[in-house]
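The values are calculated or read from the model by the stated rules, or taken from the named source; none is laboratory data. The structure presented is a predicted model; accordingly, all values stated were derived computationally and were not measured. Cβ: placed from backbone, ideal geometry, glycine included. Neighbour counts: every protein chain shown.
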Amino acid sequence: MDYKDLANAIFPNTKEIEYYKEKYPKRDLPEGAIVTRFAPSPTGFVHIGGLYQATIARKLAEQTKGVFFLRIEDTDQKREVENGIVGIIEALKDFNVIPDEGMTDEEHEIGEYGPYKQSLRKEIYHSFAKDLIEKGMAYPCFCKQEQLDEMREKQEAAKIRTGYYGVWAKCRHIPVNEAIERIKAGEEYILRLKSPGNPEKKIKHKDLIKGNIDIPENDQDIVIIKSDGLPTYHFAHAVDDYLMGTTHVIRGDEWISSVPLHLQLFQVLGVKAPKYAHIAPIMKEEDGAKRKLSKRKDPEAAVSYYAEVGIPHEAVSEYLLNIANSNFEQWRKQNPEADISEFEVQINKMSVSGALFDMVKLQDISKRVISRYTAEQVYEETMKWASKYDLELKEMLEKDTKFSLKVLGIERGNVKPRRDIAKWSDVKDNIIYMYDEKYFGKKQNYEFQKINDKEEIKEIIQKYIDKYYNENDDKETWFEKIKDLANEYGYAREVKEYKQSPDNYKGHVGDISTLIRICLTSRSNTPDMYEIMKVLGKESVIKRLNEAIK
Ligand code: GLU
């Protein structure tokens with residue numbers, strides 16, 4: 001009895017690996033094309049770090065005329081949730097990370113290198129596992145959980161490396177005859193790799209991001225096929241990336257310590273290993289220390305969070321490119337109008353350690369992105385968001401669409417558009433004062449500034465209403481009149497004049513316009529006041545000013 005008999009006893013009916021090698025031929029792609037993938041478990045949850053990796057992978061494939069595919073790694077069926085696959089596909093779609101191949105919903109897929117869901121590839125893994133058994137590179141292990149626990153305790157007590165390796169790898173030495181008998185007798189088993197590694201030796205790994213790393217060889221006889229017949233991640237990824245023609249594995253750096261094992265798996269499979277690029281995670285600062293963004297503690301770790309608060313997808317994507325390559329910012333400055341698809345990601349420019357997640361920066365980017373939207377786009381996107389998360393806002397906006405478009409159009413579409421909206425959930429607070437039905441009947445809290453004497457305020461505003469305000473004035477005339485008003489009450493017409501001789505004035509025209517602004521909106525900070533007055537219309541303007549001096 002030899003290894004072949006053992007292999008046949010375990011897998012009597014599998015196809016030869018040659019069959020698969022022929023079925024999935026080498027891809028016909030231009031030189032230098034990157035074939036890469038996003039390979040999540042279908043837990044339904046997409047971490048921002050996962051989206052980050054997928055974004056980079058998508059771009060690299062695109063830039064090199066390669067292929068980016070989505071592979072669902074569902075070999076740990078305990079972790080699966082209903083509709084977990086669709087959740088991932090939708091999330092990617094939202095951020096315009098569209099795979100060329102892979103699952104398109106829970107059941108369907110596109111591409112010639114599938115199935116792209118690991119649980120449907122069982123037979124393939126079995127063929128490759130069988131091949132390893134035949135070569136004496138894998139073996140059945142009959143150890144029970146209690147035995148493994150016991151072994152671990154002994155190792156811990158003796159303060160040595162834990163795991164199934166060397167002298168601890170008991171089942172490695174079971175004679176083939178005995179193994180076959182035990183299998184025939186129905187004893188439960190799993191399959192392990194017979195690791196050829198020697199931990200005294202180091203492998204040299206050249207990571208595309210982390211650079212050259214020396215790590216001890218793997219000598220653990222890791223599980224390749226579990227008792228449910230499904231492979232472990234390690235084994236499955238090697239078989240899949242080989243058959244699917246992956247040239248670059250782009251993944252989180254929590255996997256870097258598995259590199260020796262993974263390279264070894266490719267070696268025993270007798271195939272070329274892909275290149276690896278291990279991306280540093282997105283970090284968060286807490287109590288002065290850096291830690292990974294956590295699914296449990298940080299709402300912003302979930303990509304769904306951005307839709308919930310209403311940050312446009314483009315802004316998130318742009319932010320991710322921003323942390324990916326430090327030259328992005330300069331590129332953006334040079335190409336303010338360009339779509340992010342034009343930016344070329346360079347893998348060797350990615351940072352070795354994790355960038356801190358910077359919400360302020362993200363919101364800045366988002367403000368810029370939104371500032372370029374037309375009023376119609378802002379209206380539409382805000383309505384989409386509000387229909388889900390803020391019905392009051394939805395109602396307010398749609399009651400008079402034309403008016404809402406005017407409100408949202410204030411300081412928009414010009415060279416220096418307003419930049420005060422970072423997310424759709426900001427819109428309400430940003431514009432609510434423009435709506436008479438929300439404004440009147442509520443006690444306004446006027447926080448007067450330089451001019452805060454009640455009598456003076458009354459006089460100035462009354463004068464403005466009676467003498468200066470005319471809804472038909474053009475902007476220049478309108479402002480001239482505010483200067484005249486300032487002058488009439490002892491305020492300088494120009495800030496400059498005031499600065500030259502502050503003793504001659506009570507203040508300057510800015511104090512007067514701030515006063516009008518506050519009386520008009522009960523805010524000291526708003527977009528362009530001339531435009532606001534135009535949009536509000538005469539009736540509302542007068543009513544507001546009167547209300548303020550009441
Ligand atoms: N399923 C693995 C994960 O979700 C994939 C890692 C890889 O890309 O190889 O972390």
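One table, with the values for the structure above:
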{"item": "All positions within the range 266-303 that are polar (S, T, N, Q) and at pLDDT 95 or above", "result": "Gln267"}
{"item": "Residues satisfying the stated conditions in the range 16-59, i.e. more than 14 Å from the ligand (Cβ to nearest atom), of a type in the set (D, E, K, R) and either crowded, with 21+ Cβ neighbours inside 10 Å or in a loop (DSSP other than H, G, I, E, B) (or both)", "result": "Glu16, Lys26, Arg27, Asp28, Glu31, Lys59"}
{"item": "Residue tally, condition over 25 Å from Lys388 (Cβ atoms) and in contact with a Leu (Cβ under 8 Å, 6 or more places away or on another chain), over the range 404-430", "result": "0"}
{"item": "Residue among Glu107, Glu156, Glu150, Glu178 that is part of a loop (DSSP other than H, G, I, E, B) and acidic (Asp, Glu)", "result": "Glu107"}
{"item": "Leading residue by the ranking (farthest from Thr36 (Cα to Cα)) among those in the range 194-225 that are charged (D, E, K, R) and exposed (fewer than 15 other Cβ atoms within 10 Å of the Cβ)", "result": "Glu200"}
{"item": "Number of the exception - Val268 against (1) aliphatic (A, V, I, L, M); (2) more than 14 Å from the ligand (Cβ to nearest atom); (3) assigned to a loop (DSSP other than H, G, I, E, B)", "result": "(3)"}
{"item": "Residue satisfying all of: in the range 60-98; touching a strand residue (DSSP E or B) at 6+ places or on another chain (Cβ under 8 Å) and in a helix (DSSP H, G or I); nearest to His278 (Cα to Cα) among these", "result": "Leu60"}
{"item": "Residue within the range 385-398 that is in contact (Cβ under 8 Å) with a residue 24 or more places away in the chain and of a type in the set (Ser, Thr, Tyr) present", "result": "yes"}
{"item": "Residue ID - farthest from Leu60 (Cα to Cα), chosen from residues in the range 191-236 that are in a strand (DSSP E or B) and charged (D, E, K, R)", "result": "Arg192"}
{"item": "Test for Val259: is it within 22 Å of Phe128 (Cα to Cα), within 16 Å of the ligand (Cβ to nearest atom) and assigned to a helix (DSSP H, G or I)", "result": "yes"}
{"item": "Close pairs from the range 42-69: first more than 20 Å from Ala302 (Cβ to Cβ), partner assigned to a helix (DSSP H, G or I) and more than 12 Å from the ligand (Cβ to nearest atom), Cβ under 7 Å, at least 6 apart", "result": "Leu60/Ile347; Val67/Ala61; Phe68/Arg58; Phe68/Ala61"}
{"item": "Count of residues meeting criterion [over 20 Å from Ile222 (Cβ atoms) and either in contact with a strand residue (DSSP E or B) (Cβ under 7 Å, 6 or more places away or on another chain) or free of Cβ contacts under 8 Å to residues at least 40 places away in the same chain (or both)] in the range 154-182", "result": "6"}
{"item": "Test: residue in the range 473-480 that is basic (Lys, Arg) and farther than 25 Å from Asn430 by Cα", "result": "no"}
{"item": "Yes/no for Val86 being among the aliphatic types (A, V, I, L, M) and without any contact (Cβ under 8 Å) to a residue 24 or more places away in the chain", "result": "yes"}
{"item": "Those helices (runs of 4 or more DSSP H) lying entirely in the range 277-353 with at least 3 residues under 15 Å from Tyr52 (Cα atoms) and of a type in the set (Gly, Ala, Ser)", "result": "313-324"}
{"item": "The range 449-477 residues that are closer than 24 Å to Glu531 by Cβ and at pLDDT below 95, paired with ones that are among the polar types (S, T, N, Q) and in a loop (DSSP other than H, G, I, E, B) (beta carbon under 7 Å, 6 or more apart)", "result": "Gln449/Ser524"}
{"item": "Qualifying residue in the range 238-247 (condition: of a type outside the set (S, T, N, Q), within 15 Å of the ligand (Cβ to nearest atom) and under 21 Å from the mean Cα position of the chain (by Cα))", "result": "no"}
{"item": "Any hit, the range 75-93, residues being more than 16 Å from the ligand (Cβ to nearest atom), more than 23 Å from Met350 (Cβ to Cβ), of a type in the set (A, V, I, L, M) and within 24 Å of the chain's Cα centre (by Cα)", "result": "yes"}
{"item": "Qualifying residue in the range 207-215 (condition: of a type in the set (Gly, Ala, Ser), more than 16 Å from the ligand (Cβ to nearest atom) and farther than 27 Å from Ile17 by Cβ)", "result": "yes"}
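So that you can scan it fast, the table gives a plain yes or no per residue for (1) surrounded by fewer than 16 Cβ atoms within 10 Å (Cβ to Cβ); (2) under 41 Å from the mean Cα position of the chain (by Cα):
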| residue | (1), (2) |
| --- | --- |
| Asp426 | no, yes |
| Asp429 | yes, yes |
| Lys438 | yes, yes |
| Lys442 | yes, yes |
| Lys450 | yes, no |
| Lys454 | yes, no |
| Ile461 | no, no |
| Tyr468 | no, no |
| Glu471 | yes, no |
